Every structure is written in C-alpha cells, then in structure tokens.
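Below: one structure, written as structure tokens.
What follows is calculated from the coordinates using simple rules that are stated; it is not laboratory data. Model, not experiment: these values are computed from the prediction. Because the Cβ atoms are built from the backbone with ideal geometry, glycine has one as well, and the counts that use them run over all protein chains shown.
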Amino acid sequence: MGSNNSGFLSLAFIALCVAIALQIVLIFRIRNQTKINNGTPSNAEPENAKHQLFREIVRHEATEELLRETQEYMNCMINSMPAVLIGITPDGYITHWNDSAAKVAKLTAEEAVGSHIEQAFPELPVSMEVVGETIRSGIPYNSDNIKDGVGSQATFTSLTIYPLMSTEMSGAVILAEDVTPRVRMENLLIQNEKMMSLGELAAGVAHEINNPLAGILSNTQNIQRRISLDLPANRDQARKLDLNLEQTYAYLDKRSIPQFLENIREAGERAANIVKSLLEFSRGNDIKHQHIELKTLINHTLDLATNTFEVQLHSGSGLPSIKTELIDESVKAYCSPTEIQQVLLNLLRNAVQALQSNPKEHACPPEICISLSQTKSHAVIRVSDNGPGIPEEIQMHIFEPFYTTKELGQGTGLGLSVSYFIIKEHHEGSIEVESEQGKGTSFIIKLPRSES
C-alpha cells in the first residue's frame, strides 16, 4: 500500500505540473490574441489568470501536504503493529512491508518491496495457491495456532489473509501474529482443569478401595500370625488337636504358603500406597513447609537413590552415571522436604526406567544430570537423562493420573501426576517437560525462592 500511495502522489504532482503548464500556455495565447486583436496589451486578463494560477498552486500544495501527512500517519500505525503485515499483488509481489516483517525476515522494506513473497518470506506458512484463491473468492482466509518447532521450543502463529475490497485494484494483505504465549496459557488452563476433575474422581476411587483393602491387609496379617511358630496361642491350639506344629509349618512352607501370604501383603501395601497417593492428589495435606537449602536436599535424595535404583545394561546391572551441576549452592526454597524428595525420586526413577529401555545404550553410556540454578524469583531444579526421549503426543498427557506407557504391572501412572500436584498445588511452583526423541528428556522444577 505504501508504493500505491507513493504512485498516487507522483501522479498528483505530475498532474499539477501539467495543469500549471497549460495555464501558462493559456496566458501567453490570451496575451498574443489580445495584441493581434487590439494592437495593445490588456492588463486585466493576465492579472486575473495570474491570480487564478497562484490559487491553484496553493491548493495543490495543500493537497500534496495533506496526502503526505496521511501517508506518514498510516505508515506509523502499520509499523507500530507487533504483528507481521505484508501487502502483495495477485502474483505474489510485495507492495507493503511493515517493521515487524522486517524484523522476522531480516529484510528492510526497501529490500522487500517489489520482490516475490516466496523469496522475501520463505517461512510464511501458506502457499501462493491459497493466496490466489483467497483473492479470487474475496473471502478472508484464517488459520489459527500454526505450530513450528517441537517441545518447549515450539512457537505458534495465527495467520489471516484479507483480500483487497476494491473494484480498481486487486491483491491481499497478509497478517501473521505470534500467539505462542496465548496458546501456552490455554494449554496450562486445560491441564489445570483436567487435574481438578481427575482429583475429584481420584478421591472417590480411593475411598471405595480403602475399605476392602484394609480388610485384605488385616486378614493377611492374622493368617501370618496364626501359622507362626513363635505365637504361644498357636502351640496351645495345636496341642489340643494333637498336631505337630513344626510339621504343619514345614508342610505349609513346602507348599510356599508363607511366601504367598507375604506376596499378598506386599501387593496390599503397594495398593495402599496408591490409595494414599490418590488422596494426596485430590486434597492438600498438613505437612509443614521449611526454609530448605536445596543442595543438601538433592544430595540426600541422591544418597537414597543410589541404594534404590539399578539399571539392567548389556554389561550387567548397575547405576547410571549421575552428574550434578549445583551452580548456585546456596539456593533456598520454602518447601516440604519430604515432598520435594518424593518428586525427585519419582523423576530419578523415570529417568532410570527410560535409560533401561534405551536401545542405543551401547553407543551412548546412560547418564542422569541434576542441576540447580536460580532466577530472580525461583529456584530451578532440572533432572535430565540421555534416554530415548518422549514422543510429543505422550508429552501432552504425561502429568495425567493413570496415564502410563509401561507394561501392565510395571507402573500405575501416578508418579508424575502426584509430582505435578505437589509442585503446583502444595508449593505454588511449576514442573515442565522438555524432550526430543533420540536425545533425551528434561524435567524442570521451579520453586519460589526463600530469602531467609
């Protein structure tokens, strides 16, 4: 549109010059005609023509100044827009190029105007076929949330093409706006909404499971006590029935009955822990927060993890290499130490399991890295591994309760959802995942800093 205005001003100026020249020619013709007809010059007519000429010149100068001011004002408004605005002809040649387009494409308006859109802006997420069809139909084209990139580095663009509504000229205006902050906020709100609804469901399920589970654990414990050789009441009852308690226990042991009971007890306790996690997920608890030095907390967690996690590698079992980068060692957070430790253990366990499943472990030694840093308002803990990574479609659901990609019996899908709930609801922090397939995964925890 800028070049159209410039062209209009040029035509107006040329027309003004032509008008002035015609008026001058007319004045000379009038003077010559007067000399021929009267033999003496007439002073009245040239004076009137002269004044009329001056009036026309002043009027055209005022019109030109008004057009110049209008063009500058329009250019100022368009260049002040944060969105990319590009004017193009039906053939795709650029007629206008605002400052935002210049920043994105790294081309000035002087370089871009007159060139083809596919050369000046090859990243534009729309084809010339779509632009041409929009101009022919006269119906604006809109495409929301066009994604570029993966993971946390992804950006989103909203693109609109407006055909020019004019009978004298054709073309289109392309408006491209970065809507990444809005899309991320929408995704966060959706995630929070899911957590709220699933939290209510989790509470109901937990209460329904709790009663029969308590009965199973209680009866299992009673059976174990009543076949024990150390309980005097068992020996008294065996004597009354003329039974040899040692032989009876030997028979049960041969049939693995004590082991079966122990398996039932362990499974019941595991189920009880799941119920406890569900209840913690669905409501807050009364654990007191403290001002904690995070470096000490991380080191204690690693000591516990060292005795807990092993990775089955081709060369045998063992711990992966765990590297720490505690850059800001004095960082403190106001938090519940046991809960943060639970979150870190969950993330370490997930990292170990990811390394366990990495088919390329022979080429890339398994490694876990824990780093600690800080921003102006938050302490930042990052737990990373060089495992196979997480597909993008799974990342969208990774913090949802019961969502798991593990085989039946190997996971409940509650670890990350409970971790999310602890960080988000109990500590007013945030937890995010960054992952790229084939390169590994990072979980980033942000906790409000403690100044004391």
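Too long at a 32 Å Cα-Cα cut-off: which of Lys295/Lys424; Lys147/Lys446; Lys254/Lys276; Lys323/Lys376? Flagged as over cut-off: Lys254/Lys276. Every pair of different Cα atoms in the stretch 207-263 enters the Kirkwood calculation, which places the hydrodynamic radius at 12.6 Å. As a calculated quantity, the FRET efficiency between Asp230 and Asn210 at R0 = 30 Å, using C-beta atoms, amounts to about 0.45.
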